[in-house]
Amino acid sequence: MKFESPLIFHNLRIVAYVSEWRSRYTYKHSVESTIYLKQGCENKGIGSVLYQELLKQLREMGLHAIMGGIALPNEASVCLHVKFGFEKVAHFKEVGFKFGKWIDVAYWELIF
């Protein structure tokens, strides 16, 4: 399912959007959510406000599964996902390369 992201908020520090989980028709009711908070914006409740609104809109769109990928370690992001009912469903070792080193990426899932 091709669609415009239901929420994009950007003020040079904060971004929230969704993208297709997979391009095949079978996955048309699943998306991957992304919220970026640049340094200095974390631990102020901004992520919670964005996720609350984003999830509301996704539910209203009739989506079923929301995936959140997190480059590890990232305790704040893990806590945010858990707060909204996401459950850890996958952990991939050294699949990303960031800041000059290999990193693990894990996925959390929320089913409506």
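Taken together, the values in this text are just the output of simple stated rules run on the coordinates, not laboratory data. Note that the structure is a prediction, hence the values are computed from the model and not measured. Reconstructed Cβ throughout: ideal geometry from the backbone, glycine too, with neighbour counts over all protein chains shown.
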Add -39500 (n - 2.57) for each DSSP H run of 4 or more in the chain, then divide by its residues: what number comes out at 222 nm, to the nearest 500 deg cm²/dmol? -6500 deg cm²/dmol
In the chain, once you exclude exposed trypsin sites (Lys or Arg not before Pro) (DSSP loop, at most 11 other Cβ within 10 angstrom), what's the longest stretch remaining? 45-112
What are the radius of gyration and Dmax of the stretch 21-79, computed over its Cα atoms and given in Å? 13.1, 39
With at most 15 other Cβ atoms within 10 Å, longest stretch of the chain clear of loop GluC sites (Glu not before Pro) (DSSP): 43-112
Alpha-carbon Rg/Rh ratio, for the chain, with Rh computed the Kirkwood way: 0.95
